[in-house]
Amino acid sequence: MYTQLMQTEKAKPVTTVEEAELKRRFDARIDDGGFVEAKDWMPEHYRKTLVRQISQHAHSEIVGMLPEGNWITRAPTLKRKAILLAKVQDEGGHGLYLYAAAETLGTSRDQMIDALHSGKAKYSSIFNYPTLSWADVGVIGWLVDGAAIMNQVPLCRCSYAPYARAMVRICREESFHQRQGYDALLTMMRDGTDAQRAMVQDAVNRWWWPSLMMFGPPDAESVHSAQSMRWGIKRISNDDLRQKFVDATAPQAQLLGVTLPDPLLQWNEARGHHDFGPIDWDEFWRVVGGEGPCNRERLAARVQAWDDGAWVREAALAHARKQRTSKEAA
Ligand SMILES: [Fe+2]
Ligand SMILES: [Fe+2]
């Protein structure tokens, strides 16, 4: 998931008696664990928070197609190529469900795309890292899609129903993404050459820490998380999700036969969790701020794809106009 960055607006005070009553009913519904539909009244701050979160999530899905898309023409076998094609297409589909969910909140697709292309909107910083070898594709499936699942499963119970419904389908597909990545790595580790095993270890070394950053800043610094938890948009805190991810991943690394690049990583019997080393948050903020290894390249690729696709959009609109005219004439 890619919802590490969000919400900056302050809640506005309720002004009229009628609005106060609407807000009371909204809060009661949230407290009951109920869902909010697009047609229901909602506080402006809730709407804006969701638009930001869902559109950032949508942008992350389509920018996330780029690092792996680089390897479609270089996949080692026909089977791996077919799997990767399906996965990258799934990510495009996730973007579409999420743009559609954000549109139900009164924002247009064009506004969201503009915000992405102008650099105003963010997407997950994980996609600003390069994919240097085929092993990176496997590691992205295992760790990046794995972290995404950890983040996204609680969103299936998000209080905004159109987002929650989109997430149910997305999570099913993400689980296939993670398994295909792990399977590709297992093949390289078990049946591969020493050089291939070294390639996997190198990819793990580069992706491990950025994957842990996908859960967002530590709870103590995540100032807007409390409001999102109160609204049932966020169900589990950044640090708790990160811990769950480390606990789930450490045994998988062992089974795979790779070493996670953290000398402080070890099982803590008393806590019932793995301890792990400090995260370089300076690097995280640098990449979020546009200074990651591939930020410019990713944005340029998106803008180029949009410009190159102009004729398709124009043709689709012309076709729709023609159909409308011929229907009216009939
Ligand atoms: Fe996805
Ligand atoms: Fe995925």
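The values are calculated or read from the model by the stated rules, or taken from the named source; none is laboratory data. Since the model is a prediction, treat every value here as computed from it, not as a measurement. Cβ sites come from the backbone with ideal geometry, for glycine too, and all protein chains shown count toward neighbours. The protein model used for the area step is the full one, side chains on, heavy atoms only, and it has no ligands, DNA or RNA in it. Shrake-Rupley method; radii C 1.70, N 1.55, O 1.52, S 1.80 Å.
Report the residue count in the range 227-269 for those that are of a type in the set (Val, Ile, Thr), open to solvent by 10 Å² or more (accessible area, probe 1.4 Å) and modelled with pLDDT of 95 or more. Lay out the reasoning, then the answer.
Taking the range 227-269 and keeping what is of a type in the set (Val, Ile, Thr), we get 233, 236, 246, 249, 258-259.
Keeping just the survivors that are open to solvent by 10 Å² or more (accessible area, probe 1.4 Å) gives 236, 258-259.
So of that shortlist, the ones also modelled with pLDDT of 95 or more come out as 258-259.
Summing the residues that are of a type in the set (Val, Ile, Thr), open to solvent by 10 Å² or more (accessible area, probe 1.4 Å) and modelled with pLDDT of 95 or more in the range 227-269 gives 2.
The single residue among Gly292, Gly277, Gly272 that is touching an Asp or Glu at 6+ places or on another chain (Cβ under 6 Å) and either more than 30 Å from Asp194 (Cα to Cα) or open to solvent by less than 70 Å² (accessible area, probe 1.4 Å) (or both) turns out to be Gly277.
Taken over the range 85-109, the residue count meeting the criterion of being under 20 Å from Asp307 (Cβ atoms), open to solvent by 40 Å² or more (accessible area, probe 1.4 Å) and within 12 Å of ligand 1 (Cβ to nearest atom) is 1. Taking the criterion of being surrounded by 19 or more Cβ atoms within 10 Å (Cβ to Cβ) and polar (S, T, N, Q), the only residue of the range 205-221 that qualifies is Ser211. Residues that are open to solvent by 30 Å² or more (accessible area, probe 1.4 Å) and within 29 Å of Ala203 (Cα to Cα) number at least 2 in the following helices (runs of 4 or more DSSP H) confined to the range 17-69: 65-69.
Table: residues versus (1) under 14 Å from the mean Cα position of the chain (by Cα); (2) within 11 Å of ligand 2 (Cβ to nearest atom); (3) buried (at least 24 other Cβ atoms within 10 Å of the Cβ).
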site: Asn151; (1), (2), (3): yes, no, yes
site: Arg157; (1), (2), (3): no, no, no
site: Gln180; (1), (2), (3): no, yes, no
site: Met188; (1), (2), (3): no, no, no
site: Ala195; (1), (2), (3): no, no, no
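The criterion of at least 1 residues that are more than 23 Å from Leu78 (Cα to Cα) is met by the following helices (runs of 4 or more DSSP H) wholly inside the range 112-222: 145-152, 161-191, 194-213.
Residue-wise test of (1) of a type in the set (S, T, N, Q); (2) open to solvent by less than 10 Å² (accessible area, probe 1.4 Å); (3) more than 30 Å from Arg197 (Cα to Cα).
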| position | (1), (2), (3) |
| --- | --- |
| Gln111 | yes, no, yes |
| Gly119 | no, no, yes |
| Gly141 | no, yes, no |
| Tyr163 | no, yes, yes |
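Look at the range 168-186: where a residue is basic (Lys, Arg), no partner that is open to solvent by less than 60 Å² (accessible area, probe 1.4 Å) and near ligand 1 (Cβ under 10 Å from one of its atoms) sits 6+ places away or on another chain with Cβ atoms under 6 Å.
Could we say that Asp202 is modelled with pLDDT of 95 or more, within 16 Å of ligand 2 (Cβ to nearest atom) and not aromatic (Phe, Trp, Tyr) here? Break it down stepwise before answering.
Working: modelled with pLDDT of 95 or more: yes; within 16 Å of ligand 2 (Cβ to nearest atom): no; not aromatic (Phe, Trp, Tyr): yes.
No; evaluated as a whole, the condition is false for this residue.
For the range 113-144, residues that are more than 16 Å from the chain's Cα centre (by Cα) and more than 16 Å from ligand 2 (Cβ to nearest atom) total 12.
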